[in-house]
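Structure record follows, encoded as structure tokens.
Where a number appears in this text, it was derived from the coordinates with a stated rule and is not lab data. As the structure is a prediction and not an experimental result, all values here were calculated from the model. Here Cβ is always computed from backbone atoms with ideal geometry, including for glycine, and neighbour counts include all displayed protein chains.
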Amino acid sequence: MDSVKQLRFDVAVVGAGPAGIAAALAAADSGKTIGLIDDNPAAGGQIWRGAHNSAQPSASSIWFDRLNKSAVQTVRGTRVFHAAQGELTAESDDSATQISYGKLILATGARELFLPFPGWTLPNVMGAGGLQALAKSGLDISGKRIVIAGTGPLLLAVAAYARQCGAKVVAICEQTTRPLMARFALKMTLVPGKAAEAVRLAYNLRGIPHWTDCWPVAAFGNRRLESVRISRQGQTSEIECDYLACGFHLIPNIELPRMCGCRLENGFVEVDEYQQTSIAGTFCAGEPTGIGGLELALVAGEIAGYAATNWEDRARHLFSKRARYQKVVRILQDAFPLRPELKNLARPDTLVCRCEDVSHQQLREHSSWRGAKLHARCGMGPCQGRVCAPAAQFLFGWEIDSVRPPLFPVRCSSLAAIPSHSAPRN
Amino acid sequence: MSESVTVRVNGKPVTVRAGATVAVAVLASGATCRASVSGQPRSPLCGMGTCFECRVAINGEPQRRSCQVLCEANMEIEANG
Amino acid sequence: MNKPAEIVIVGAGIVGAACALELSTEGLRVLVIDEGFPSSGSTGAAMGHIVVMDDSEAQFAITRYSQILWDDMREQLPPAVEFDPCGTLWVAADETEMAEVHRKFDYYRERGVNAEILDSQQVREAEPHLRAPLAGGLRVPGDSVVYPPCAAGFLLQKARELGARAIHGQPVASIGKGVARLADGTIFAAGFIINAAGQSAPKLSRGINIKPRKGHLVITDRYPNFLHHQVIELGYLKSAHSLTADSVAFNVQPRKTGQILIGSSRQYGAENSAVDESILARMLQRAFEYMPDLSQLSAIRVWTGFRPATPDKLPLIGPSPEDPSVLVAAGHEGLGITTSLATAKLICAQILGQRPAIPIQPYLPSRQVTAEAHV
């Protein structure tokens, strides 16, 4: 039988991306015991993946430096899969861990929205963030031809990073409209620091075709990607490439907040000005409260960390800084709505659920997510619907059902390690 | 500390930079991670542990998400995409 | 004989679907109404084991009859139904349970059910992941497994091909006196109404005693060839007999996908569907005792379901105590999938005034009223 570890923290922070790191460090100022729990081998989340051992100084290295010097206990490779009444249960490679806490800060970040189109399941078709994550994890993309598609500012960041790695970025295909893209660029210059960032980005992306009103129609290849067909201004064309990095912006990882009982508003975790959720003593910062990017995540994380350790006046000092970056949430929402043409990319035989190989046609027969799950097995695979449920929601308008443990597939022995409480949470 | 690490993917030695994940080793070897339930070859999609397309067997243990496992010397990886 | 006017079936779970098909096959006009989508009740949570049971003559009769009906149908079942004739392996942990193996063997053999006694070594050859030592076991090769939502879906689909109509997402407010009334006020007239509403059956027919018995199930990722039979501990029977205590028992099932279904638990009075961590842990620990390697398998989902249970563990099949035009077909506890086809035959026989293939008395709802009157 696997061993079961016990950990206890005054403040437990789940998710070691920017929001979680900022929260943990702010909370650590109080002298209380702080645990920073993440399922990856190292801290950093998505945007700072691999940055902890980067030789070059960067914005993130200051944070990692502080983290390493702090009293925060980083618990790596540990995946939280259950939460109830002041206790988390998590799993790592060799054991299960029960984590009890006084206060909880949820910084579980976001993942990409994937929409199905013919050929999207071919090897080397990845998310935009997906390609970036793999490149940061050691994938050598120098000299490779990459088409970047989908929507959102992540496409530009990935394009810049890919180029930095020596890849040939053939085109950036953004589905939003030209006017919306222009308005996005303009509005972002009004957010502190973003104007300079935009100039740097534009410089880094010089010469790369950047098309709006443009989206992937199909991917082709025999056993791996060979070319992509894109639609642009009513015309289609084919581009040969080695990788297609395609993602349609971000969706919040709200599964753990939901299991904790946190109330949602429009699909995001509802928080008050101190980043506290509807559950007293449970805070949330970063993308699960609204997709708003790095700077917002950092300041909201800090506020949550101070609030969770009863340092309200330090938290309040950051309110105006947060307000400046809070605008980004609205700017992003307005700039990248998904156009209706994207609902028609999938053909009847295009798979929607990749875990169970369920096609669009099989899903069309059903009128609810639950019915589709039971009868077509969509969402019954190990990803537990993380890939296909948001796509199904976009394609069919289905509401996704409630969250049950385990939040991730875990060993049966870990399931048995969930502590028993008097009343199960509804 | 070594700058690179060598693992075996389907019996073939593959060398990657230190700190690289098993998913990267599989891709570098030219293999695909897994075969879907209807037999399609699949490789990583999300790169962050949520899509499960990167599952391989590592040292005999099946269904491991390779994008979240760091390569260690002499790891035996079976990727049957 | 005059054909009755339309028959309304309340409930599109396995029992309602089976009744719809049987009645449509006889040329009767059927309308199936479900408050949700098909199989959104107990059928959607069920394990899908088709098993001949020997708790009582009446239970044996209906499970055996129905198991044969499933076998007769197997060639028609599409792949999505995942029919798998894997058989059941009852395992005995000690000599007392081994005596039970012998008793079961004799009981089945006397009644023409194929069974085979396995000793300690043979039982491990049959299932290599079982721990050693076990006293032995009983293999019943004629039992099988299906995927319940698609099985019910198939039956309903065949019924529709024969002219049955189905309405989903419409709760039924009341039934009786030849009328089924929806919550939205719509009225359907019917010669007979079949109450196949499972958990909700008592809401529609007074005087029937069905209580929910909550169960938990865990399903793993795909591990082909890990498990070959539905494996159940004989101690299961001890827990299924208790009327009040929460209990767990080792009960695992191989699915055609290669996934393993791990059960089972029984709880009374637990009416909310949230996962109960305490009983989940107990259930898993029990499973690990018999099959330690299960502990290392990846569990993808946990869910709960409610078995509609009657006090004497037999289903209610027959006229409702207060209105003979309403036929109850509910209260199948953990044998709904198994006995659905036989239930449909018995219901159909009653409607057509034909002699049922097995005696119907043990299942009549009126027995509950009589039982209460004698208390």
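Before moving on, here are some points about what is shown:
- Averaged over the residues of peptide C:265-273, the number of Cβ atoms from other protein chains lying within 10 Å of each residue's Cβ is 1.
- Dimensions in Å of the stretch A:305-361 - Rg and Dmax from alpha carbons: 21.5, 57
- Mean projected area of the Cα convex hull of the stretch A:279-426, taken over all directions, amounts to 12.4 nm².
- Placing unit charges on each Cβ (+1 for Lys and Arg, -1 for Asp and Glu) gives chain C a dipole about its Cα centre, and among C:GLY207, C:ALA61, C:ILE175 the Cα reaching farthest toward its positive end belongs to C:ILE175.
- Per residue of B:50-62, other chain Cβ atoms within 10 Å of the residue Cβ number 5 on average.
- Listed as lacking a disulfide-compatible partner in chain A: A:CYS165, A:CYS241, A:CYS246, A:CYS260, A:CYS262, A:CYS284, A:CYS355, A:CYS383, A:CYS412, by the criterion of no other cysteine Cβ under 4.7 Å.
- Scattering curve values for the protein assembly as shown, log₁₀ I(q)/I(0), Debye with Cα scatterers, q = 0.06, 0.10 Å⁻¹: -0.45, -1.14
- The mean number of partner chain beta-carbon atoms within 10 angstrom of a residue's beta-carbon across peptide C:32-38 is 2.
- With a threshold of 28 Å on the Cα-Cα distance, the over-threshold entries among A:LYS373/C:LYS256; C:LYS214/C:LYS256; A:LYS103/A:LYS194; A:LYS144/A:LYS343; C:LYS104/C:LYS313 are A:LYS103/A:LYS194; A:LYS144/A:LYS343.
- The residues C:LEU155, B:LEU70, when put in order of fewest to most other Cβ atoms within 10 Å, stand as B:LEU70, C:LEU155.
- Summed over qualifying helices (DSSP H, 4 residues or more, each -39500 (n - 2.57)) and divided by its residue number, the protein assembly as shown shows a 222 nm mean residue ellipticity of -8500 deg cm²/dmol.
- Contour minus Cα-Cα distance for A:GLN361 and A:LYS5 (0.36 nm per residue): 123.5 nm
- Whole-Hz couplings from phi, Karplus 6.51/-1.76/1.60, listed for the stretch A:403-410; x for Gly and Pro: 8, 10, x, x, 5, 9, x, 9
- Helix C:57-73 and the longest principal axis of the Cα set of chain C meet at an angle near 90°.
- Gyration tensor verdict on the stretch A:347-426 (Cα atoms; rounded if a/c is under 1.5, prolate if a/b is larger than b/c, oblate otherwise): prolate
- Charge context of A:TYR274, other residues only, Cβ under 14 angstrom, K/R +1, D/E -1: -2
- Order by protection proxy (mean Cβ within 10 Å, highest first), peptides C:355-365, A:254-264: A:254-264, C:355-365
- Couplings for the stretch A:334-349, taken from phi via the Karplus curve 6.51 cos²θ - 1.76 cosθ + 1.60 with θ = phi - 60°, read 6, 7, 10, x, 7, 7, x, 4, 5, 6, 9, 6, 5, 9, x, 8 Hz in order; Gly and Pro are left as x.
- Protection proxy ranking, peptides B:37-45, A:412-420, average beta carbon neighbours within 10 Å, highest first: A:412-420, B:37-45
- In terms of packing, defined here as the mean over residues of other Cβ atoms within 10 angstrom, the peptides A:319-328, C:250-259, A:207-216 line up highest first as C:250-259, A:207-216, A:319-328.
- Charge tally in the Cβ shell below 15 Å around A:VAL328, where Lys, Arg are +1 and Asp, Glu are -1, A:VAL328 excluded: +4
- Summing charges over all other residues whose Cβ lies under 10 Å from the Cβ of B:SER38, with Lys and Arg as +1 and Asp and Glu as -1, gives -2.
- Overall shape: prolate for the stretch C:2-127, with the ratio a/c of the largest to smallest alpha carbon gyration tensor axis at 1.5 or above and a/b above b/c.
- Between helix A:178-189 and chain A there is an angle of about 40 degrees, using the helix long axis and the longest principal axis of the Cα atoms.
- Here is the P(r) of chain A: all C-alpha pair distances, binned every 10 Å from 0, give 5, 21, 31, 28, 14, 2, 0 in whole percents.
- Between amide H atoms placed 1.01 Å from N, distances below 5 Å from C:ALA197 occur with C:ALA329, all of them 5 or more places distant or on a separate chain.
- Relative contact order of chain C: 24 percent, from C-alpha pairs under 8 Å at least 6 residues apart in sequence.
- When Rg and Dmax are taken over the Cα atoms of the stretch A:114-245, they come to 14.5, 47 Å.
- Cα shape, the stretch A:1-75, gyration tensor, a/c 1.5 rule: oblate
- For the stretch B:4-78, alpha-carbon Rg over 2.2 N^0.38 Å: 0.98
- Within chain C, the ratio Rg/Rh, alpha carbon atoms throughout and Rh by Kirkwood, equals 0.97.
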